[in-house]
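The values are calculated or read from the model by the stated rules, or taken from the named source; none is laboratory data. All figures in this text were calculated on a predicted structure; none of them were measured in a lab. Cβ coordinates were reconstructed from backbone atoms using ideal geometry, including for glycine residues, and neighbour counts include every protein chain displayed.
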Ligand code: TYD
Ligand code: MG
């Protein structure tokens, strides 16, 4: 430490400062939020570095941002058309879901196009990576592998090596010697990421950061990581299902919520080009409790099957289990159905599942979820080839959703003949005549069209 330099410990949540490190902040009670910070005592503002002069908005060139295609179409699409030069992409997901596999495939594809790529792993040895690469059929010479965890060594190495793309697998294993805390701690993750960010922006190098996910689903480490990077991608899907869904949660260079669908095969992740038909492939025919919903994920329509099982409770407390849908949404819909339709499901166990491991965040699925639950409760299958979408409000009203015509067209493309939607959406679908469009304005009208 230089003379006069001072170290303080700051809580990253409430900003409290203290003279020594503590496990828990005495100010706000947060655990593991205290980070060591060095203060330079006589910092002189006058010696500030030269920065660019502001430009008038009209003078800024709007030339297209250069993108590099990975030639893995689904991957390019979720990024908004390819990797933007100099961008930093965070890839999160559960262990074993395929993060290392997809980044290695992307690097393989980029090296084939003649780019110089560096894959830095803090988790696996070069031999292990080689074994994976062999499975994926990669044998390009310009893909370089490094097993290293010390950032203070990696940065100077990159200065010499001059890669065009870097992968850090994973950010939680990396550390910098300027902090005494262990790799994976909040301070380390933050410092390592900002070191990298500075370097990649200066050298216009694109970088992938692989990040672990905590039980709650957030990327382990500070939220600050999500703020730092340009794009956040999350891997969704059950580990025992073969489908893997890659979702752009944040994207400075494209639309968010864009998804790419892959399936895990013997030799890597393969793109699923028409996910709607895949998700519907194993759908049971004429079975109560199954409803098809037309969703929009990012810019693409997607048909999914929502399944519900409503069964009388054997124990006192009824169970509510939701997979792929927000648990609270189910409770809300059960309450609305009971109040507005007189269908009493309060004393029933309810299980709702989205087939294929997809997660639906859209309220447009409400109508389908309600339909599936009612169908299971009454033990009657919904009329075949029916698709539905619409948001349900607390008064039982069915509200319109965005892009109804795209949703209907996707359903028709897959052979659906009937579509239940809100009356409000009917207008924008007027020109479509190859399917029967059934408009409903309240949930009580839904039952007329289900069976
Ligand atoms: P991996 O990319 O190591 O997961 P992560 O980095 O997210 O922890 O993927 C691991 C799983 O994928 C593992 O269970 C094996 C399986 N796998 C295949 O089925 N086929 C393949 O070609 C590869 C490379 C992995
Ligand atoms: Mg891995």
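Brief remarks follow.
- Any hit, region 126-142, residues being modelled with pLDDT under 95, closer than 25 Å to residue 198 by Cα and either within 14 Å of ligand 2 (Cβ to nearest atom) or more than 24 Å from the chain's Cα centre (by Cα) (or both): yes
- Condition check for residue 264: touching a strand residue (DSSP E or B) at 6+ places or on another chain (Cβ under 8 Å) and either within 16 Å of ligand 2 (Cβ to nearest atom) or in a helix (DSSP H, G or I) (or both): yes
- Residue check for residue 172: without any contact (Cβ under 8 Å) to a residue 40 or more places away in the chain, more than 20 Å from residue 271 (Cβ to Cβ) and within 16 Å of ligand 2 (Cβ to nearest atom): no
- Among the residues making up region 229-250, those that are away from ligand 1 (no atom under 16 Å from the Cβ) and surrounded by 22 or more Cβ atoms within 10 Å (Cβ to Cβ) are 229, 231, 248.
- Region 108-126 - residue that is assigned to a helix (DSSP H, G or I) and in contact with a helix residue (DSSP H, G or I) (Cβ under 9 Å, 6 or more places away or on another chain) and, of those, nearest to residue 173 (Cα to Cα): 108
- The condition of being closer than 30 Å to residue 242 by Cβ and loosely packed, with under 12 Cβ neighbours inside 10 Å holds for only one of 52, 127, 112, that being 127.
- Residues of region 177-205 satisfying the condition of being modelled with pLDDT of 90 or more, crowded, with 16+ Cβ neighbours inside 10 Å and either touching a helix residue (DSSP H, G or I) at 6+ places or on another chain (Cβ under 7 Å) or assigned to a helix (DSSP H, G or I) (or both): 192, 193, 195, 196, 197, 199, 200
- Taking the listed residues 142, 125, the one that is farther than 23 Å from residue 212 by Cβ and either in the same structural domain as residue 197 (by TED's automatic domain parsing) or within 10 Å of ligand 1 (Cβ to nearest atom) (or both) is 142, with no other qualifying.
- Residue in region 79-107 that is nearest to the chain's Cα centre (by Cα), counting only those that are assigned to a helix (DSSP H, G or I) and within 12 Å of ligand 2 (Cβ to nearest atom): 99
- One residue stands out among those in region 387-421 that are out of contact with any helix residue (DSSP H, G or I) (no Cβ under 7 Å at 6 or more places or on another chain) and within 14 Å of residue 362 (Cβ to Cβ): the one that is surrounded by the most Cβ atoms within 10 Å (Cβ to Cβ), which is 407.
- Boolean, residue 255 is modelled with pLDDT under 85 and in contact with a strand residue (DSSP E or B) (Cβ under 7 Å, 6 or more places away or on another chain): no
- Lone unmet requirement of (1) buried (at least 21 other Cβ atoms within 10 Å of the Cβ); (2) over 25 Å from residue 84 (Cβ atoms) for residue 258: (2)
- Checklist (1) in contact (Cβ under 8 Å) with a residue 12 or more places away in the chain; (2) out of contact with any helix residue (DSSP H, G or I) (no Cβ under 6 Å at 6 or more places or on another chain); (3) outside any loop (DSSP other than H, G, I, E, B) applied to residue 137, failing item: (3)
- Total residues in region 289-307, condition assigned to a loop (DSSP other than H, G, I, E, B) and surrounded by fewer than 20 Cβ atoms within 10 Å (Cβ to Cβ): 2
- Between 118, 110, 79, 91, the distinction of being modelled with pLDDT of 90 or more, within 16 Å of ligand 1 (Cβ to nearest atom) and either on the phi > 0 side of the Ramachandran plot or assigned by TED's automatic domain parsing to the domain that holds residue 254 (or both) belongs to 91 only.
- Selection of region 267-284 for residues being in a strand (DSSP E or B), more than 16 Å from ligand 2 (Cβ to nearest atom) and surrounded by 15 or more Cβ atoms within 10 Å (Cβ to Cβ) yields only 270.
- Comparison of 307, 266 shows that the only residue that is away from ligand 1 (no atom under 16 Å from the Cβ) and touching a residue at least 60 places away in the same chain (Cβ under 8 Å) is 307.
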